[in-house]
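Please read the structure below before turning to the comments.
The values are calculated or read from the model by the stated rules, or taken from the named source; none is laboratory data. Remember, predicted model here, so these are calculated numbers, not experimental data. A quick note on method: Cβ atoms are made from the backbone with ideal geometry, for glycine too, and the neighbour counts reach across all protein chains shown.
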Amino acid sequence: MSVLTRIPQIVGADVPVPVKGGVAPYANFDYAASAPCLEAVQDAVARALPYYSSVHRGAGYASQVTTRAYEQARETVRGFLGGPQAVVFVRNTTDAFNLLARALPSGTSVVVFESEHHATQLPWRNAVRLPAPGSPDEALRAAAEALRSCPSGPRLLVVTAASNVTGELWPIAELAEVAHRCGARIAVDAAQLAPHRPLDAKNLDYVAFSGHKLYAPFGAGVLAGRADWLRAADPYLRGGGASKHVGEAGTVEWAGDAEQRHEAGTPNVLGAIALAAACETLRDWDVLVAEEERLLARLRSGLASIPAVRELGLWGPGHPRVGIVSFVVAGHPARAVAEHLSDEHGIGVRDGKFCAHPLVRRLVGAGEGGCDGPEGTAVRASIGIGTTDEHIDRLVAALRAFAG
């Protein structure tokens, strides 16, 4: 069996899109924002739809089938992550970290780097915010110093596993060791890692990721990890399902189970089934990683051959990364580059600050080529399952002609 036949298929590969003068097969370089749906995920949802019904409280056959499918999805995700205590279905990574922020014990100190996505920068009330580190070793030292300087009480280190701006992999295992040596916990944003690399969360206290980035765009995400803080916290949402007993005077006994406690209301059953199907499908990681690294090398080599293009990075061009590349084109605003690629070549990239404003401002630099005003923006090309050599060659050729 060839390598390509072992790679899952996506829905909508090479869908035709309008370009000036006609149509072109779409070259999708926006996987880091939302990945297309896997055919296996589409099939799983189609199989579940005829039996779709309420979960957990229905006696009817369809309700029982749906309940089993929903809870099996939870166990599939638990296995995908290496068996965390709690797996709470949420909407997305942002939702997951807002839930965790609500569940922190009173007086918890939070340490977070400014290089994070806003999903992990913004939910915390009183966080210690560290500058973007100049190297992985600097990240370890800064995290240790900040955690040791926190007042006594619970402490939480919040970090990304892979940057949504540069694709660079963070030293998560080492950061977890640092946090635990300091008596702290670690929460990891795996939104960009999970679609690209196997994810073992056994030594992580909390991990979150989104289905829409994992080829399961049906509105579900996950917060997984230790159950104690989640069991002790007030429900993230108050309503049916989260309540064990409601008294006559409005007194409430909340569910003791961490998962039930934070999944009030009718859950996104199809989203959970879709997410689990993606977790089941993404198994042949050696093949997937090798193909991505080949395509990424082709993309980065092509961009490096264009003098006007500057790739952005924190830790140097040789640092390991997933299939994400952000860059600026000298003399051209990022939006103009993105619009040209779409209108003329049927290429979809992302432009802007990627919900990581402090990091993009630092990497772009005010007043440099590619800036869109004093804030600075960039272009991001991200690859995944469905990316081809032709897509990459088309993007590089289009940029070379555009840059002049």
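Here are ALA46, ALA62: which of them is free of Cβ contacts under 8 Å to residues at least 12 places away in the same chain, of a type outside the set (Lys, Arg), over 18 Å from VAL90 (Cα atoms) and in contact with a Phe, Trp or Tyr (Cβ under 9 Å, 6 or more places away or on another chain)? Quick ask: steps written out before the conclusion?
Values: ALA46 fails: in contact with a Phe, Trp or Tyr (Cβ under 9 Å, 6 or more places away or on another chain).
Result of the check over ALA46, ALA62: ALA62.
Return a yes/no flag: does the range 203-214 have any residue that is out of contact with any Gly (no Cβ under 8 Å at 6 or more places or on another chain) and surrounded by 19 or more Cβ atoms within 10 Å (Cβ to Cβ).
Going through the range 203-214, the residues out of contact with any Gly (no Cβ under 8 Å at 6 or more places or on another chain) turn out to be 203, 213-214.
Pick out the ones that are also surrounded by 19 or more Cβ atoms within 10 Å (Cβ to Cβ) and you get 213-214.
Yes, some residue in the range 203-214 is out of contact with any Gly (no Cβ under 8 Å at 6 or more places or on another chain) and surrounded by 19 or more Cβ atoms within 10 Å (Cβ to Cβ).
Consider VAL364 against the criteria (1) surrounded by fewer than 21 Cβ atoms within 10 Å (Cβ to Cβ); (2) modelled with pLDDT under 95: it satisfies all of them except one. Which criterion is unmet?
All conditions are met except number (1).
Name the residues in the range 65-102 that are among the hydroxyl-bearing types (Ser, Thr, Tyr) and either outside the structural domain of TYR52 (by TED's automatic domain parsing) or more than 18 Å from THR281 (Cβ to Cβ) (or both), would you?
Keep residues of the range 65-102 that are among the hydroxyl-bearing types (Ser, Thr, Tyr), which gives 66-67, 70, 76, 93-94.
Within the range 65-102, THR66, THR67, TYR70, THR93, THR94 qualify.
Where in the range 1-101 are there strands (runs of 3 or more DSSP E), lying fully within it, with 1 or more residues that are aromatic (Phe, Trp, Tyr) and crowded, with 17+ Cβ neighbours inside 10 Å? Give the steps one after another, and end with the answer.
On the way: elements: 16-19, 22-25, 86-90.
Result: 86-90.
Just one of ARG226, ARG231 is of a type outside the set (A, V, I, L, M, F, W, C), under 23 Å from ALA201 (Cα atoms) and touching a helix residue (DSSP H, G or I) at 6+ places or on another chain (Cβ under 8 Å); which is it? Break it down stepwise before answering.
Details: ARG226 fails: touching a helix residue (DSSP H, G or I) at 6+ places or on another chain (Cβ under 8 Å).
Step by step, each of ARG226, ARG231 is checked, and only ARG231 is of a type outside the set (A, V, I, L, M, F, W, C), under 23 Å from ALA201 (Cα atoms) and touching a helix residue (DSSP H, G or I) at 6+ places or on another chain (Cβ under 8 Å).
How many residues, within the range 54-102, are more than 12 Å from ALA272 (Cβ to Cβ) and of a type in the set (A, V, I, L, M)?
Selection size over the range 54-102: 9.
Answer with yes or no whether GLN121 is polar (S, T, N, Q), under 20 Å from ALA179 (Cα atoms), in contact with a Phe, Trp or Tyr (Cβ under 9 Å, 6 or more places away or on another chain) and at pLDDT below 95. Working first, answer last.
Numbers: polar (S, T, N, Q): yes; under 20 Å from ALA179 (Cα atoms): yes; in contact with a Phe, Trp or Tyr (Cβ under 9 Å, 6 or more places away or on another chain): yes; at pLDDT below 95: yes.
Judged against the criteria, GLN121 is a match.
Just checking, which of SER243, SER301, SER305 is surrounded by fewer than 18 Cβ atoms within 10 Å (Cβ to Cβ), more than 26 Å from the chain's Cα centre (by Cα), among the polar types (S, T, N, Q) and outside the structural domain of GLN64 (by TED's automatic domain parsing)? Walk me through how you get there before you give the answer.
Numbers: SER243 fails: outside the structural domain of GLN64 (by TED's automatic domain parsing); SER301 fails: more than 26 Å from the chain's Cα centre (by Cα).
Every option except SER305 fails the conditions.
Out of LEU341, LEU288, LEU275, LEU296, which single residue is within 22 Å of the chain's Cα centre (by Cα), buried (at least 21 other Cβ atoms within 10 Å of the Cβ), farther than 30 Å from ALA86 by Cβ and not polar (S, T, N, Q)? Give the derivation first.
Values: LEU341 fails: within 22 Å of the chain's Cα centre (by Cα); LEU288 fails: farther than 30 Å from ALA86 by Cβ; LEU275 fails: farther than 30 Å from ALA86 by Cβ.
After applying the criteria, what remains is LEU296.
Looking at VAL17, VAL88 in this structure, which one is among the hydrophobic types (A, V, I, L, M, F, W, C) and closer than 28 Å to LEU237 by Cα? Spell out the reasoning first.
Values: VAL17 fails: closer than 28 Å to LEU237 by Cα.
Checking each option against the conditions leaves just VAL88.
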